[in-house]
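S.K.: Structure incoming, see below.
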Amino acid sequence: MPVALLALAIGGFGIGLTEFVIMGLLPEVADDFAVTETTAGYLISGYALSVAVGAIALTLALTRVPRKTALLGLMVLFILGNLISAVAPDYATMMTGRVVAALCHGAFFGIGSVVAAGLVAPERRASAIAFMFGGLTLANVLGVPLGTFLGQAAGWRATFWAITVIGVLAFAGIAALVPAARGADADGRSGTTSARTELAAFRSPQVWFSIVVTVLGFGGMFGGFTYIAFTLTEVSGFAAGTVPWLLVLFGVGLFVGNVAGGRAADRDLARTLLVVLAALTVVLVAFALTAGSKPLTVLSLLLMGGVGFATVPGLQMRVMHFASTAPTLASGANIAAFNLGNALGAWLGGLTLAAGLGYTSPLWAGAGITVLGLVVLALAAKAPGGELRRALDVPEAAVVSG
């Protein structure tokens with residue numbers, strides 16, 4: 001893999017750390033600002049909402065900016081947001097820092113996916129995207145536990161200072177390693193487009209199919225994962241102190257699944273998505289049925305992370321493929337779709353708990369959402385321009401041309 005991908009992965013690591021480490025530091029933040037933990041929790045939901053907004057608005061605003069320049073500007077935004085968080089004197093300023101940092105999240109991964117794909121041969125593009133997202137998964141495996149320990153030992157502000165430094169390293173890496181021409185040019189063109197050209201990609205029904213599959217497919221995993229701590233303690237019988245280490249295991253699954261999913265998508269994108277979404281459904285159902293067993297719960301948690309994140313490179317590649325003439329905005333919109341999926345899964349999982357259906361009910365909700373994603377993917381494959389329709393059309397076209 002080109003060394004430039006390492007710079008993108010470092011940026012992804014920092015962004016992933018910013019998004020997730022706050023979960024382990026909420027008590028300290030709440031105490032420091034004298035707010036309830038519920039109010040402190042808005043620092044998470046506010047971030048997620050800003051990701052969805054920035055993924056589309058900033059990506060659209062940067063269509064005429066060379067992609068390397070855009071990435072550098074986004075990292076400046078990231079650094080500024082975390083710096084504001086590190087020095088925030090009150091809750092409102094902290095929220096401002098979170099929003100500023102979050103605005104770069106979707107656009108960075110959206111534009112970065114296009115850049116990463118342009119750094120390698122066409123048959124390795126999904127793997128290149130997976131490498132960049134590997135930074136995000138590594139943030140879950142190593143960054144979040146270490147960031148939480150640092151925040152608990154030296155104060156939560158120390159964690160945000162550390163993230164700011166990571167942002168500076170990512171900026172320097174992108175500036176030094178990402179080529180200005182080809183590296184910013186995933187589609188082999190100048191690296192800039194017009195807003196009209198980017199918006200035109202959304203005329204393709206397959207782009208919209210891809211976005212919906214992303215919302216449902218990824219939302220299914222988060223439907224089960226959002227309330228997993230309750231499942232682990234109330235159903236599986238693990239002690240609360242064991243949960244962080246079990247989540248590290250889940251993070252290992254994310255990392256491995258991301259790499260394997262990228263390689264599989266390079267070989268056969270359509271089949272990989274179908275198989276992985278079907279496998280995720282099976283894993284969620286099996287988890288719900290066997291959550292009372294500790295050994296099987298550990299296995300299910302690992303598989304849920306692995307199979308769930310194995311969808312990511314393929315889902316991102318699919319939308320870029322069907323928006324190939326102008327992939328940047330569609331790529332950013334798909335990043336927003338991942339976050340909408342997170343919100344959908346969490347909402348539906350919460351509804352099942354509120355209805356008194358038990359602590360395995362979010363897993364069942366996640367499985368149901370994933371099945372819907374499979375149905376939409378199957379419909380997309382059969383629709384005009386879809387994978388199945390194209391496969392059926394090829395022999396006919398060959399006969400006509402012969």
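The values are calculated or read from the model by the stated rules, or taken from the named source; none is laboratory data. As the structure is a prediction and not an experimental result, all values here were calculated from the model. All Cβ positions, even for glycine, are placed from backbone atoms using ideal geometry, and neighbour counts span all protein chains on display. Each accessible area value is taken on the protein alone, full model and side chains, heavy atoms only, with ligands, DNA and RNA left out. Shrake-Rupley method; radii C 1.70, N 1.55, O 1.52, S 1.80 Å.
Results for (1) in contact with a Leu (Cβ under 8 Å, 6 or more places away or on another chain); (2) assigned to a helix (DSSP H, G or I); (3) surrounded by fewer than 24 Cβ atoms within 10 Å (Cβ to Cβ), shown as yes or no for each residue.
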| position | (1), (2), (3) |
| --- | --- |
| 252 | yes, yes, yes |
| 278 | yes, yes, yes |
| 288 | yes, yes, yes |
| 292 | no, no, yes |
| 324 | no, no, yes |
| 333 | no, yes, no |
| 341 | yes, yes, no |
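S.K.: I've got another one for you. Can you tell me how many residues in segment 158-178 are among the β-branched types (Val, Ile, Thr), open to solvent by less than 70 Å² (accessible area, probe 1.4 Å) and in a helix (DSSP H, G or I)?
M.R.: 5
S.K.: Which one is nearest to the chain's Cα centre (by Cα) among residues in segment 254-267 that are open to solvent by 60 Å² or more (accessible area, probe 1.4 Å) and more than 25 Å from residue 226 (Cβ to Cβ)?
M.R.: Only one residue tops the list, namely 263.
S.K.: Here is a list: 65, 51, 99. Which entry is surrounded by 16 or more Cβ atoms within 10 Å (Cβ to Cβ), among the β-branched types (Val, Ile, Thr) and not in a helix (DSSP H, G or I)?
M.R.: 65
S.K.: Among the candidates 377, 284, single out the residue that is of a type outside the set (Gly, Ala, Ser), touching a Gly at 6+ places or on another chain (Cβ under 6 Å) and buried (at least 21 other Cβ atoms within 10 Å of the Cβ).
M.R.: Checking each option against the conditions leaves just 284.
S.K.: Those residues that are open to solvent by 10 Å² or more (accessible area, probe 1.4 Å) and modelled with pLDDT of 85 or more, I need them from segment 311-320; list them, please.
M.R.: Hit for segment 311-320 is 317, nothing else.
S.K.: Further question on the same structure: Restricting the search to segment 121-157, which residues are open to solvent by 70 Å² or more (accessible area, probe 1.4 Å) and under 13 Å from residue 256 (Cα atoms)?
M.R.: Listed by number, the list holds a single entry, 131.
S.K.: List every residue pair whose Cβ atoms sit under 6 Å apart, with the two residues 6 or more apart in sequence or on different chains, where the first one lies in segment 3-16 and is within 11 Å of residue 144 (Cα to Cα) and the second, anywhere, is assigned to a helix (DSSP H, G or I) and modelled with pLDDT of 90 or more.
M.R.: 14/163; 14/166; 14/167; 14/170
S.K.: Can you name the residue in segment 227-245 that is surrounded by fewer than 22 Cβ atoms within 10 Å (Cβ to Cβ) and under 15 Å from residue 363 (Cβ atoms) and, of all such residues, is modelled with the highest pLDDT?
M.R.: Ranking the candidates gives 235 first.
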